[in-house]
Amino acid sequence: MQNRRETREVVLKALYAAELSGETADEISTKIIKPSFEADDDKTIKEFADKLFYRALNIKEEATIMVADNLKNWELDRLAALDRIILIMGITEFLHFDDIPTKVTINECIELAKKYSTFKSGKFVNGILESALRSLKEQDRVNKTGRGLIQKRLS
């Protein structure tokens, strides 16, 4: 049985493949995501993987602009591909996963960056995600529901 951290790793690999291979999202899903969950009976973890993968691809352009807007003294084209993909995944979770606390998303992205990029990437990813989250909150675009999460405004 996979957990969400392992699932995020599979999605990171799939998004990286999408970045480099030129294959369609469905082809990548068939080659990377689906085989990772063949022996897993937990449908919710499979759904989480698919949703994160496809939503990250769908908002890639918007999330990339958001990353660029939050870079200080750095150029987007100098950003490591893995760091950029991890940031896109984090922004996707902020916007489309109401049940995942933002702190969990940030911590998971930091761990992915440390594991797959460099140790310093963890601090970098943390800074960019914190800044992006602040911007999204100012725009009232982060709506989290449930215990210990940001509550939707009742206006």
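The values are calculated or read from the model by the stated rules, or taken from the named source; none is laboratory data. Predicted, not measured: the structure shown is a model, and the values here were computed from it. Here Cβ is always computed from backbone atoms with ideal geometry, including for glycine, and neighbour counts include all displayed protein chains. With ligands, DNA and RNA removed, areas are computed over all heavy atoms of the protein, side chains included. Shrake-Rupley method; radii C 1.70, N 1.55, O 1.52, S 1.80 Å.
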* Complete set of residues in the stretch 58-82 that are among the β-branched types (Val, Ile, Thr) and more than 23 Å from residue 111 (Cβ to Cβ) -> 65
* Asked: Just a yes or no: is a residue in the stretch 24-31 in a loop (DSSP other than H, G, I, E, B), farther than 29 Å from residue 145 by Cα and hydroxyl-bearing (Ser, Thr, Tyr)?
  -> yes
* Asked: So is residue 68 open to solvent by 20 Å² or more (accessible area, probe 1.4 Å), under 16 Å from the mean Cα position of the chain (by Cα) and over 23 Å from residue 6 (Cβ atoms) or not?
  -> yes
* **Members of the stretch 82-109 that are in contact with a Ser or Thr (Cβ under 9 Å, 6 or more places away or on another chain) and farther than 23 Å from residue 145 by Cα** => 82, 83, 84, 86
* Test each condition in (1) within 21 Å of residue 130 (Cα to Cα); (2) of a type in the set (Lys, Arg); (3) assigned to a helix (DSSP H, G or I); (4) open to solvent by 50 Å² or more (accessible area, probe 1.4 Å) for residue 84 and report the one that comes out false. => (4)
* **Cross-chain or 6+ apart pairs with Cβ under 9 Å, the stretch 120-141 first and over 11 Å from residue 109 (Cβ atoms) and open to solvent by 70 Å² or more (accessible area, probe 1.4 Å), then assigned to a helix (DSSP H, G or I) and among the aliphatic types (A, V, I, L, M)** => 120/113; 123/110; 123/113; 141/95
* When the stretch 1-41 is examined, which residues are found to be of a type in the set (S, T, N, Q), farther than 14 Å from residue 51 by Cβ and free of Cβ contacts under 8 Å to residues at least 40 places away in the same chain? -> 21, 24, 30, 36
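Does at least one position in the stretch 54-71 carry a residue that is out of contact with any Lys or Arg (no Cβ under 6 Å at 6 or more places or on another chain), part of a helix (DSSP H, G or I) and aromatic (Phe, Trp, Tyr)? Quick ask: steps written out before the conclusion?
Just the residues of the stretch 54-71 that are out of contact with any Lys or Arg (no Cβ under 6 Å at 6 or more places or on another chain), to begin with: 54-71.
Narrowing further to those that are part of a helix (DSSP H, G or I): 54-58, 60-70.
Then drop every residue that is not aromatic (Phe, Trp, Tyr), which leaves 54.
For the stretch 54-71, residues out of contact with any Lys or Arg (no Cβ under 6 Å at 6 or more places or on another chain), part of a helix (DSSP H, G or I) and aromatic (Phe, Trp, Tyr): present.
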* Meets criteria (charged (D, E, K, R), in a loop (DSSP other than H, G, I, E, B) and over 23 Å from residue 140 (Cα atoms)) for residue 41 -> yes
